[in-house]
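Colleague: Sharing a structure here in structure tokens format.
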Amino acid sequence: MRLQRSPALAAVLILITCVCAFYTTAAINIPLEIEQLPTITAQPPSSLIAFPFDESFPMTCEAKGNPRPEFRWTKNGQEFNHSVDPRLMKEENSGTFVIPNNGNLTEYQGTYRCYASNTLGTAVSQDVEFIVSNEPKFPKETLDPVKVDEGQPFILKCDPPTGIPPLQIYWMTISMQHIEQDERVSVGLNGDLYFSHAMEKDSRTDYCCFASFPRIRTIVQKTAMSVHVKPRARRSESAIAILERRPSLLTPPGVQSEKQLVKGDDLELECIPGGIPTPKVEWAKMGLELPDGAEVENHGKLLIIPRADQKDSGKYMCKAKNPLGEAVHYFTVTVEEPPEWVSEPRSQLSMIGTDVLIKCSARGTPEPSITWRVNGVPLKDSPAANRRIFDDTIIIRNAKASDSAVYQCEASNRHGSLLSNANIMIRNLPPMILTKDGEGYFAVESRGVTLHCNAFSSPPSTITWSKEDSSESVEGSRFKIHDNGSLEISRAEKSDAGQYTCLAKNTEGSSNIDAMLYVKDATRIVVTPEDQQILKGSEAQLSCLAEYDESFSHDFELVWEKDDIELSFNDTVNLRYFVEDSVLHIVNVSHGDQGVYRCVARTPVDQDEASALLMVLDVPDAPENLVLSEHRGRSVKLTWIPGDDHNSSITDFIIEYEENKWEMGKWRELLRVSRNQNSAVLRLHGHVEYRFRVYGVNSVGAGPPSKPTEMYRTPPAAPDKNPENIKIEGHLPHEMDINWEPLLPIEHNGPGLEYKVSYRRQDVEEEWTEHTVKRHSFVVKNTPTFVPYEIKVQTKNNQGWGPEPRIVSGYSGEDFPSTAPDDVAVEVMNSSVVKVTWTPVHKDKLRGHLGGYRINWWRLRSLVDSKKRHGDKHMLTFPGDRNHATVPGLTPFSEYSLIVMTFNGRGNGPGSHPINFKTPEGVPEKNPVFRVTDVQRHSVSLTWTPPSEPNGILTGYLLEYQLVNGTEEVGALQTIDINNPKTSKWVLRDLEPLSKYKLYLRSCTTKGCGPVVSEECTTDLETSLASVHGGISTQGWFIGLMCAIALLTLIVLIACFVNRNKGGKYSVKEKEDLHPDVESQGMNDDTFCEYSDNDEKPLKGSQHSLSREIKAGDSGDSLVDYGDEDAQFNEDGSFIGEYGPRKEKRVSAEIKAPVQTPA
């Protein structure tokens, strides 16, 4: 029932709408525990096509409600009881049934609708059309041949069968060759094959139309058609002119037509002309330009506007033109729309006694019609006193619980329909909180958290939140209660933790739940992974260290992701990945490891993440697609496509070649080009077959080479170069040897390589003498000795001569110098160096290139020993032209002889007359032997041998010593001058007992003292018995004393033996302490003296004593000082008079050193 619109009623409607808006909800989700209307939750699509290859076809219908809905179906508007058909498969508690593909589906074809009902109402699904496709077939027919005159247009009809779209048409021959299409021949949208004009080549008997239906995987073929084109006689130009025809349109017919399509479909307009010459087709939109995106296909005959909409409506024109005229057709295009919701009816939950508005409106072209139903029944068949329809709105006044129902609104036009169910529930309900009671929530400090309280009631409830049994609602800027009842706490603090209570209250009652809030420390990554560039094959390490709330110690996890995919460390695929101490290790990095790695530190309440980019560096990949072009004999252009540089820019490309004639299989570098080039022109040698390859170089290294090119053969040519490094030598006086570096085989440029050697004397006028050889050397015979020549060497092969050679100069063979240097003189510089001078040999006497001068010398004798003896000969070479030289390393105080000679490339010339000379005295050499022979409590005995080379007349020795007891400051250096060169022994006396001394000895001549030799020793604690044995062993009293000691020792031994047998003990250590072994003390490491010849200087901190000369008559050499002129010596020469009566002697106070005596 429809009412006329009136201003008063409109005002009432607006007021009711405002009131209802307060009590209704936009979209309700009623808990299933509450009695409610059925709601369709799943339904089939608007059409269901029965493809022959599908096993079954489900007709889906699912719904929810309380009580549980029951289902029924209609087919083509009539009841359809699917439960009684045993062939249909059904599901329990569901409206869905399945149609099996048993080969007989035609009886199920139709339009279905599902109804879901309970005691409160009925919900309705949209219509679904079940389409059973018949197999498309062309009719069996006999087609007459098409006969047409040459130049006439004609059409071959396809008339494809109907089937499931899309349809695709192909024109082919019996042998499956496509009919070639162009501006003259084309296939229309209807599948026909159009010919603008016939030609003789169009005559054939196997034109076949193939219709393809891809959705049902079917292709069908029409009976082959035959075309016979009757040619025209071409006897004159007028006959040719007759063939020309004005344009005409083969399709579409007439001057104008209308085109309707649905918004979103592609607009396709087609004009196929006939005529000679073949007309060109132009397209235009009347009054406007063609829309953006418009496309012209099929050689200009088809205009396509993809996804057309309202703005593409209008008038279009196609024009076919050739030189004889034009043909025009106009299209009136209308773009229509299927229904589209403007205001879709919404489910509502309203209170008893309120007014309910249900609004439904849609738009479309043509205008959709609106149909209302309630519980699946047309509204007119289910009247209600308090329900009225106003335009597009249903109004239910003073609604009661019995007014609860499912209202259906359906909007339809010729392009489709829309159906919407609106559940209208009229109920008063106390609050029901759907959120679980006692729910626990975890918050992170300084972050927000939301506590939920989802309440359902009618009318809507008022929600309040309180904390810790407080009746007052939570307050503060950080607390916000949302319309859905949730409590949002922003920037949570530790003090916010505790128990919260949500209270939902309306006019029908109240309900409450508790919630527990826990506030935790935030999870934070403190050590983040860093971006890395790493070489392939090495190991990458990414660090990630996080801090988190300690209560989550068992729930914390650190996860690694690569390119948003979590890495698993437990499978065999990622054996190269492992985590150790919060560090991700990637072993043997490959290209596949490159990417973004994300570290995720996660607890049950929050997480933090950090990422890093890992870039894998490697040598460049091999270049690809090598192409040889611009072949120009001995040059060719090579182009390539660079390979991946693997994150390190390519710096160079290296071009290599391989030739198959001289060094097959060996690749050599030909050219190096910069990174911004991907081509190069290659200059090549002649008569060679080449292959080329390229590889790139970056900072990591050289990459693999590309695949080689095909072989490229260059034509033969004359040589490009002449030999290099020409050498002219003369090994014999009357010959000249000419040698050069031969050309490499690849440089021959062709067969038959030879060398032309040309030479002539440089100092006289003469013609070139020429010889042609194949080897790379030539000997010129019978030349004068050492004269200058000019030489040149030129290459030649079967193709011609090489470039003009350059001229080089050289000399013929050398001979030995013919004379010796004159005026040889020797100037003695010092005891070991002399200067030798001479007059150089004239160049005419050299007979070759001057090599320099040589000095030979030998020692005749030492001036210490008058006996002559020739020493070894020595030689020094001095290159170049000179007249003096210095001869070092001579032995002082010796007589020498020397000669001087010159030499050239052939050898030495004669020597000069020998010159004898003498070297002055020098300092002696080092003493070869210097050692300590005896060590006492206060003295040390020394012995030595004179130097092997005194280098003069020995005048004596310089003996020095000092105390070195291991402290940093050593004792003063004491000096003794020994003026007797024949002295070879000495005794140092008045030394400190058990002290370490450093001893130094040097030999001296009038020129000074030589290098020092040194020795170390340590004095004894007590006087050695061995040293006094020789003096007293012959005295009677001493013999008696020794016998008494022996007897006493025997008695003590017997007593000890007896005591031991009685159980007593004898302390060996105690005896050793009481009776030390003198001999063993003498062998102690501290007193064992070793010879040393490398301590050339006194120790640091020593001071020299006042020097003095000890004369032979009254010095320490005198035996009178000891009071016994008949003093005796041991067999080893040691003096023992120290133990006899001694006569004191006064020593000068200025001399700090004790008086010493020679051994």
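Colleague: Give the number of residues within the stretch 421-448 that are aliphatic (A, V, I, L, M) and closer than 19 Å to GLY485 by Cα. Even if it seems obvious, please write down each step before you answer.
Modeller: So in the stretch 421-448, the residues aliphatic (A, V, I, L, M) come out as 422, 424-426, 429, 432-434, 443-444.
With closer than 19 Å to GLY485 by Cα added as a condition, the list becomes 429, 432-434, 443.
Residues flagged as aliphatic (A, V, I, L, M) and closer than 19 Å to GLY485 by Cα within the stretch 421-448 amount to 5.
Rundown of residues vs (1) among the β-branched types (Val, Ile, Thr); (2) at pLDDT below 95; (3) within 60 Å of the chain's Cα centre (by Cα), yes/no style:
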{"residue": "GLY287", "(1), (2), (3)": "no, yes, no"}
{"residue": "ALA294", "(1), (2), (3)": "no, yes, yes"}
{"residue": "HIS299", "(1), (2), (3)": "no, yes, yes"}
{"residue": "ASP309", "(1), (2), (3)": "no, yes, yes"}
{"residue": "LEU324", "(1), (2), (3)": "no, yes, no"}
{"residue": "THR332", "(1), (2), (3)": "yes, no, no"}
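Colleague: Residue under question is PRO139, and the condition is that it be free of Cβ contacts under 8 Å to residues at least 40 places away in the same chain and surrounded by fewer than 19 Cβ atoms within 10 Å (Cβ to Cβ); does it hold?
Modeller: It is true that PRO139 is free of Cβ contacts under 8 Å to residues at least 40 places away in the same chain and surrounded by fewer than 19 Cβ atoms within 10 Å (Cβ to Cβ).
Colleague: Restrict the check to the stretch 463-482 and report whether at least one residue is under 30 Å from LYS400 (Cα atoms) and either aromatic (Phe, Trp, Tyr) or without any contact (Cβ under 8 Å) to a residue 12 or more places away in the chain (or both).
Modeller: no
Colleague: Taking only pairs six or more apart or across chains, which ones have beta-carbon atoms under 8 Å, a first residue in the stretch 387-398 that is closer than 9 Å to LYS359 by Cα, and a second residue that is among the small types (Gly, Ala, Ser)?
Modeller: If the second residue must be among the small types (Gly, Ala, Ser), the pairs left are ASP392/SER343; ASP392/SER361.
Colleague: Moving on. Six or more apart or on different chains, Cβ atoms under 8 Å: show the pairs whose first residue is in the stretch 722-735 and open to solvent by less than 40 Å² (accessible area, probe 1.4 Å) and at pLDDT below 90 and whose second is among the polar types (S, T, N, Q) and not in a strand (DSSP E or B).
Modeller: GLY730/THR783; GLY730/SER812; PRO733/THR785
Residue by residue, here is whether (1) under 27 Å from LEU876 (Cβ atoms); (2) open to solvent by 70 Å² or more (accessible area, probe 1.4 Å); (3) not in a strand (DSSP E or B); (4) not hydroxyl-bearing (Ser, Thr, Tyr) holds:
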residue	(1), (2), (3), (4)
PRO910	yes, no, yes, yes
ARG931	no, yes, no, yes
ARG937	no, yes, yes, yes
LEU942	no, no, no, yes
ASN951	yes, no, yes, yes
GLN962	no, no, no, yes
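Colleague: Would you mind finding the one in LYS867, LYS873 that is free of Cβ contacts under 8 Å to residues at least 12 places away in the same chain, surrounded by fewer than 20 Cβ atoms within 10 Å (Cβ to Cβ) and under 30 Å from CYS1009 (Cα atoms)? Break it down into steps so the answer makes sense when it comes.
Modeller: Details: LYS873 fails: free of Cβ contacts under 8 Å to residues at least 12 places away in the same chain.
It is LYS867.
Colleague: Would you check which residues across the stretch 609-640 are within 30 Å of LEU584 (Cβ to Cβ) and touching an Asp or Glu at 6+ places or on another chain (Cβ under 7 Å) and list them?
Modeller: Residues satisfying the conditions are ALA612, LEU613, LEU614, VAL616, PRO620, ASP621.
Colleague: Of the residues in the stretch 783-799, how many are in contact with a His (Cβ under 8 Å, 6 or more places away or on another chain) and of a type in the set (Ser, Thr, Tyr)?
Modeller: Of the residues in that region, 2 qualify.
Colleague: Test of understanding: among ASP521, ASP564, which residue is among the charged types (D, E, K, R), at pLDDT below 95 and open to solvent by less than 80 Å² (accessible area, probe 1.4 Å)?
Modeller: ASP521
Colleague: Of all residues in the stretch 641-672 being touching an Asp or Glu at 6+ places or on another chain (Cβ under 7 Å) and in a strand (DSSP E or B), which is most open to solvent (accessible area, probe 1.4 Å)?
Modeller: Residue satisfying both the conditions and the ranking: ARG672.
Colleague: Then there's this: I need the full set of residues from the stretch 388-422 which are of a type in the set (S, T, N, Q), closer than 30 Å to GLN260 by Cβ and open to solvent by 10 Å² or more (accessible area, probe 1.4 Å), in order please.
Modeller: Correct list: SER412, ASN413, SER417.
Colleague: Just give me the residues in the stretch 82-105 being closer than 23 Å to ASN421 by Cα and either among the charged types (D, E, K, R) or out of contact with any Leu (no Cβ under 9 Å at 6 or more places or on another chain) (or both), in sequence order.
Modeller: Selection gives ASN93, SER94, GLY95, THR96.
Colleague: Can you pull out every residue in the stretch 168-184 that is loosely packed, with under 15 Cβ neighbours inside 10 Å, under 11 Å from TYR207 (Cα atoms) and in contact (Cβ under 8 Å) with a residue 24 or more places away in the chain? Let's see the steps before the verdict.
Modeller: Within the stretch 168-184, the first condition is being loosely packed, with under 15 Cβ neighbours inside 10 Å, and the residues that meet it are 168, 173-178, 180-182.
Filter once more, so that each one left must be under 11 Å from TYR207 (Cα atoms): 173-178.
Of everything in the stretch 168-184, those that are loosely packed, with under 15 Cβ neighbours inside 10 Å, under 11 Å from TYR207 (Cα atoms) and in contact (Cβ under 8 Å) with a residue 24 or more places away in the chain turn out to be THR173, ILE174, SER175.
Colleague: Now a separate question. Report, ordered by the first and then the second residue, all pairs with beta carbons closer than 6 Å, sequence separation of six or more or different chains, a first member in the stretch 62-77 that is in the same structural domain as TYR108 (by the TED database), and a second member that is crowded, with 16+ Cβ neighbours inside 10 Å and acidic (Asp, Glu).
Modeller: Within 6 Å, the pairs are ASN66/GLU35.
Colleague: Same structure, new question: So which of HIS884, HIS842, HIS870 ends up being at pLDDT below 95, touching a strand residue (DSSP E or B) at 6+ places or on another chain (Cβ under 7 Å) and not basic (Lys, Arg)?
Modeller: Being at pLDDT below 95, touching a strand residue (DSSP E or B) at 6+ places or on another chain (Cβ under 7 Å) and not basic (Lys, Arg) holds for just one of HIS884, HIS842, HIS870, which is HIS870.
Colleague: Hey, another quick one. Being open to solvent by 50 Å² or more (accessible area, probe 1.4 Å), part of a strand (DSSP E or B) and among the β-branched types (Val, Ile, Thr) is the filter here; which residues of the stretch 524-561 pass it?
Modeller: Those that are open to solvent by 50 Å² or more (accessible area, probe 1.4 Å), part of a strand (DSSP E or B) and among the β-branched types (Val, Ile, Thr): VAL526, VAL527.
Colleague: Same structure, new question: Test of understanding: among LYS380, LYS359, which residue is at pLDDT 95 or above and open to solvent by 50 Å² or more (accessible area, probe 1.4 Å)?
Modeller: LYS359
Colleague: If you don't mind, there's one more thing I want to ask. Has the stretch 344-363 got any residue that is closer than 26 Å to ARG307 by Cβ and either touching a helix residue (DSSP H, G or I) at 6+ places or on another chain (Cβ under 9 Å) or in a helix (DSSP H, G or I) (or both)?
Modeller: There is no residue in the stretch 344-363 that is closer than 26 Å to ARG307 by Cβ and either touching a helix residue (DSSP H, G or I) at 6+ places or on another chain (Cβ under 9 Å) or in a helix (DSSP H, G or I) (or both).
Colleague: Return yes when ARG598 is among the charged types (D, E, K, R) and in a strand (DSSP E or B) and no when it is not. If you could, list the steps in order and put the result at the bottom.
Modeller: Working: among the charged types (D, E, K, R): yes; in a strand (DSSP E or B): yes.
Yes.
Colleague: If you go through the stretch 213-231 one residue at a time, how many are part of a strand (DSSP E or B), open to solvent by 10 Å² or more (accessible area, probe 1.4 Å) and closer than 23 Å to PRO161 by Cα? Write out each step before concluding.
Modeller: Going through the stretch 213-231, the residues part of a strand (DSSP E or B) turn out to be 213, 218-221, 225-230.
Okay, now just the ones that are also open to solvent by 10 Å² or more (accessible area, probe 1.4 Å), so 218-221, 225-226, 228, 230.
Okay, now just the ones that are also closer than 23 Å to PRO161 by Cα, so 218-221, 225-226.
Qualifying residue count, the stretch 213-231: 6.
Colleague: Given (1) surrounded by 19 or more Cβ atoms within 10 Å (Cβ to Cβ); (2) within 30 Å of ALA42 (Cβ to Cβ); (3) out of contact with any Leu (no Cβ under 9 Å at 6 or more places or on another chain), identify the lone condition not met by PRO165.
Modeller: Status for PRO165: all satisfied but (1).
Colleague: Filter the stretch 483-495 down to the residues that are open to solvent by less than 60 Å² (accessible area, probe 1.4 Å) and either within 50 Å of the chain's Cα centre (by Cα) or outside the structural domain of HIS452 (by the TED database) (or both) and list them by number.
Modeller: The answer is ILE489, SER490, ALA492.
Colleague: While we're here: Taking PRO604 and the conditions (1) under 30 Å from SER551 (Cβ atoms); (2) in a loop (DSSP other than H, G, I, E, B); (3) modelled with pLDDT of 95 or more; (4) not acidic (Asp, Glu), which numbered condition does it fall short on, given that it satisfies the others?
Modeller: All conditions pass for PRO604, except number (3).
Colleague: Condition check: within 30 Å of ASP521 (Cα to Cα), open to solvent by 60 Å² or more (accessible area, probe 1.4 Å) and assigned to a strand (DSSP E or B). Does VAL579 satisfy that? Show your work before the answer.
Modeller: On the way: within 30 Å of ASP521 (Cα to Cα): yes; open to solvent by 60 Å² or more (accessible area, probe 1.4 Å): yes; assigned to a strand (DSSP E or B): yes.
Yes.
Colleague: Then there's this: Looking at SER629, SER635, SER679 in this structure, which one is touching a Leu at 6+ places or on another chain (Cβ under 9 Å), without any contact (Cβ under 8 Å) to a residue 12 or more places away in the chain and either basic (Lys, Arg) or over 30 Å from GLY537 (Cβ atoms) (or both)?
Modeller: On the way: SER635 fails: without any contact (Cβ under 8 Å) to a residue 12 or more places away in the chain; SER679 fails: without any contact (Cβ under 8 Å) to a residue 12 or more places away in the chain.
Matching residue, one of SER629, SER635, SER679: SER629.
The values are calculated or read from the model by the stated rules, or taken from the named source; none is laboratory data. Just so we're clear, the structure is a prediction, and the values are computed from it rather than from any experiment. Backbone-built Cβ (ideal geometry, glycine too); neighbour counts: all protein chains shown. To get the accessible areas, we keep the full protein, side chains included, count just its heavy atoms, and leave off ligands, DNA and RNA. Shrake-Rupley method; radii C 1.70, N 1.55, O 1.52, S 1.80 Å.
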